[in-house]
Amino acid sequence: MDMTEKIKNYLGIAIAVSVVVVAFSAWSYARSYGDSIQPSSFRSFSVSGEGKVVAVPDIAAFNFSVITQGGKDVADLQQKNTTKTSDAIKFVKEQGVTEKDIKTESYSIEPRYQYYACKTGACPPPEIVGYTITQTIGLKIRDFTKIGTIFAGVAKNGANSVSQLSFTMDDPSGPQNEARAKAIAQARQKAKLIASSGGFSVGRLLAIDDGGVSLDYYRTALMKESAFGGGVATPAPTIEVGSQDVIVNVTLRYEIR
């Protein structure tokens, strides 16, 4: 056999080996891919768990608004509104509330219109007769013994409306993590019971779905301007803080073996 024939034979063998290697690699990949998706797509089951922790809030939050109505002199209205708001904020600071816990939530200037009732003929367009300025301040109170005093005090010092009281936690991560751990432990236990009843074994964990955190806030609507009596001394309301449920839900998906 001459050299040319030997080279052809070697090339043929090399090509055949390459084809076998490629085919084996494709088969191995397909099998691995099939094994990886089969548990999650066809041989898996899900369980849910709920964890609950009772926590005590450490922050009280509420809003107060200063509402000023008047004529067309916007600058004068702004000055009056700012003075009343500053008086209320000054009082709040005197009660120990720091600047980081005082925030302007909104500030608006709205026109007030005079409308005409015309039974016949052309009716003149609405006319602006004045403006209403509303400034809303959000507060966080960390000393709960001052809540009632601050409620009554801001009303006495210029606020027309006090509302949206809520209790929450400054850093809820601790109770949330504790509740989450309880939820996962409950789901794991449930998975074992289902597998035992169903006659199969719990395989590897395929996915965890954190359903989020639920917090039971305590809110109350406080008295409006008419009840505060326009600066008349008002008894401070009694506030009961109570506790707060921190609830976490999770879903675990396992392979069936």
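Values quoted throughout were computed directly from the atomic coordinates according to the rules given, and no laboratory measurement underlies them. Note that the structure is predicted; figures quoted are calculated from it, not measured.
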Taking H as built 1.01 Å from N, whose amide H comes closer than 5 Å to the amide H of Gly130, not counting residues under 5 places away?
Arg112
Tail fraction, Cα-Cα pairs, region 130-223, threshold 23 Å, whole percent
55
Straight-line reach only, C-alpha to C-alpha below 21 angstrom: list the lysines that Lys140 could link to, leaving out same-chain residues fewer than 8 apart.
Lys84, Lys90, Lys93, Lys100, Lys103, Lys156, Lys224
Principal axis dimensions, region 41-184 - Cα atoms, whole angstrom, descending:
78, 52, 20
May I ask you to list the lysines whose Cα is less than 28 Å away from that of Lys182, ignoring any residue fewer than eight positions away on the same chain?
Lys52, Lys190, Lys192
What per residue convex hull volume, in Å³, do the alpha-carbon atoms of region 53-133 yield?
151
